[in-house]
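Pasting in a structure now, in structure tokens, and then I'll have a few things to ask.
All of the numbers you see were taken from the coordinates with simple rules; none came from a lab. Bear in mind the structure is a predicted one, so any value in this text is a computation, not a measurement. Please note: Cβ atoms are built from the backbone with ideal geometry, for glycine as well, and neighbour counts cover all protein chains shown.
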Amino acid sequence: IMITIIYGAKGSGKTKKMIDAVNAAVDKTKGIVVFLSDTNRYMPEIRNQVKKINTAESEVFNEAELVGFIKGIIACNNDVSKVFIDGAHRMCNKDVADMETFFEWVCEMGAKSSIEFVVTASKDLSEMPEFLKKFI
């Protein structure tokens, strides 16, 4: 599986776990590491070797735009090996439970391109959608 989900309720420390994983990936990964967020809030905590992108600044506001944006990043950088997405549900303006198509696409793209995706999903564990359980 080419996707890992960092799952939990808002305020449970998902972004901190992701930042630690992003920074560790720099030393463990041969290719380019990409970090996508809809805010600049955490950018100073991310190592400079990581390609940091604020999707809101690029006017990414729905699922189709996010998928297209990620495809563009991959098309322009054939050395991308890991993509971290902090808050895809916020970027897409959707509830995590309504994003099965997005997560299926991420799985397919990861398998086709050998890129590992790490995505945060903000929702209480008791409300985890069935389709996400295979990624935990």
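With r as the distance between the Cβ atoms of R47 and E100 and R0 = 30 Å, compute the FRET efficiency 1/(1 + (r/R0)^6) and round to 0.05. The partial results should precede the final answer.
Details: r = 32 Å, r/R0 = 1.08.
Efficiency computed from Cβ-Cβ geometry: 0.40.
Looking at this model, which pairs from K30/K112; K30/K133; K14/K82; K16/K94; K14/K133; K51/K133 are more than 24 angstrom apart at the alpha-carbon?
Values: K30/K112 18 Å; K30/K133 29 Å; K14/K82 17 Å; K16/K94 22 Å; K14/K133 17 Å; K51/K133 29 Å.
As for pairs spanning more than 24 Å Cα to Cα, those are K30/K133; K51/K133.
Grab every C-alpha pair in region 5-136, bin the distances at 5 angstrom width from 0 up to the longest one, and report whole percents.
All Cα pairs, binned at 5 Å, distribute as 2, 10, 22, 25, 23, 14, 4, 0 percent.
Moving on to the next point. Where nothing but the Cβ of Lys and Arg (+1) and of Asp and Glu (-1) is charged, how large is the charge dipole of region 1-68 around its Cα centre, in debye to the nearest 20? Before the final figure, lay out the partial values.
On the way: 10 positive and 8 negative charges, 81 e Å.
Computed charge dipole of region 1-68: roughly 380 debye.
Now for a different question. Take every Cα pair under 8 Å in region 1-109 that's 6+ residues apart, average their separations, divide by the length, and report that relative contact order as a whole percent. Present the calculation step by step, with values, prior to reporting the outcome.
Working: 121 pairs, mean separation 33.3, N = 109.
Here the relative contact order equals 31 percent.
Further question on the same structure: Of S81, L66, A56, which is farthest along the charge dipole of region 35-82 in the positive direction, counting Lys and Arg as +1 and Asp and Glu as -1 at C-beta?
Most positive-ward Cα: S81.
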